[in-house]
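The values are calculated or read from the model by the stated rules, or taken from the named source; none is laboratory data. The structure presented is a predicted model; accordingly, all values stated were derived computationally and were not measured. Heads up: the accessible areas ignore ligands, DNA and RNA and are worked out on the full protein's heavy atoms, side chains in. Shrake-Rupley method; radii C 1.70, N 1.55, O 1.52, S 1.80 Å.
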Amino acid sequence: METTRLRFERLCKDTDSIRTLYTHLAQGENIEEATEYVLWSPHTSLHETQSLLKEAGEQWRNGDAANYIVRPQPGEDRAGEFAGKTELAIDWSRRAGELAVYLRKPFWGREYADDCFHALSELAFQHLDLEVVEAECAVENERSRRSIEKFIEAHGGDYAGVLRNWRIPDGGEPLDSHHFSITQEQYFAEK
């Protein structure tokens, strides 16, 4: 997939070398700050990165999720670099998809999350015919909340409120999360 500013490559063993991916997910620039509110911890071994790739491949084959590496297009600052990863997790029984975006700190402030939300929503609604796309973030993650809120409001979506103890990050305590959603009808009505 592509947007004007970003290229999305399927997260799989052929996308990047395990060592390169590990470097970005283990000790990349400002990794502790960049992963403060995500549900995974910085990787501590190549085995963790290999497991991530294996799980992403299984989810793809089973139709449970679409995981992508995000890279800026030519013409963008740091074009071609690993900017982050994004995912559309699918719950077929609810005909819903959940959006997730992780961007490395050097790529913050460029509104790349908005590009990710658009690309994954197009995938969810146009190609998978899902009825709802959801996004959430930890209550403390003000930057992500503003980004999600901007996208959802631009497409007539809804803020459901705060879900208490909704997610538990790797080895952490339960987090309260802001929860947003947009329907297929809302998304295409606002386009």
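Overview of values
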read-out: Pairs from LYS13/LYS85; LYS13/LYS150; LYS54/LYS150 whose Cα-Cα separation, in the structure shown, is over 23 Å; value: LYS13/LYS150; LYS54/LYS150
read-out: Å² of accessible area per residue within the range 14-78, as computed with a 1.4 Å probe and no ligands counted; value: 55 Å²
read-out: All Cα pairs of the range 1-108, percent lying beyond 25 Å; value: 18 percent
read-out: Sequence-separation-based contact order of the chain, relative, with Cα cut under 8 Å and 6+ spacing, percent; value: 18 percent
read-out: The range 124-191 - accessible surface per residue (Å², probe 1.4 Å); value: 57 Å²
read-out: Degrees, to the nearest 10: 46-62 long Cα axis against longest axis of the chain; value: 40 degrees
read-out: Gain on full stretching of the segment that runs from GLU140 to CYS12 - 0.36 nm per residue minus C-alpha separation; value: 43.0 nm
read-out: Folded to 0 to 90 degrees: helix 112-122 orientation relative to the chain principal axis, Cα; value: 60 degrees
read-out: Net lengthening on full extension, ALA89/GLU149 (0.36 nm per residue, minus Cα-Cα); value: 19.7 nm
read-out: Rg(Cα) / (2.2 N^0.38 Å) computed for the range 52-191, rounded to two decimals; value: 1.04
read-out: Crossing angle, helix 142-154 versus the chain [Cα axis fit, 0-90 degrees, rounded to tens]; value: 40 degrees
read-out: Within the accessible area of the chain (1.4 Å probe), percent carbon and sulfur; value: 46 percent
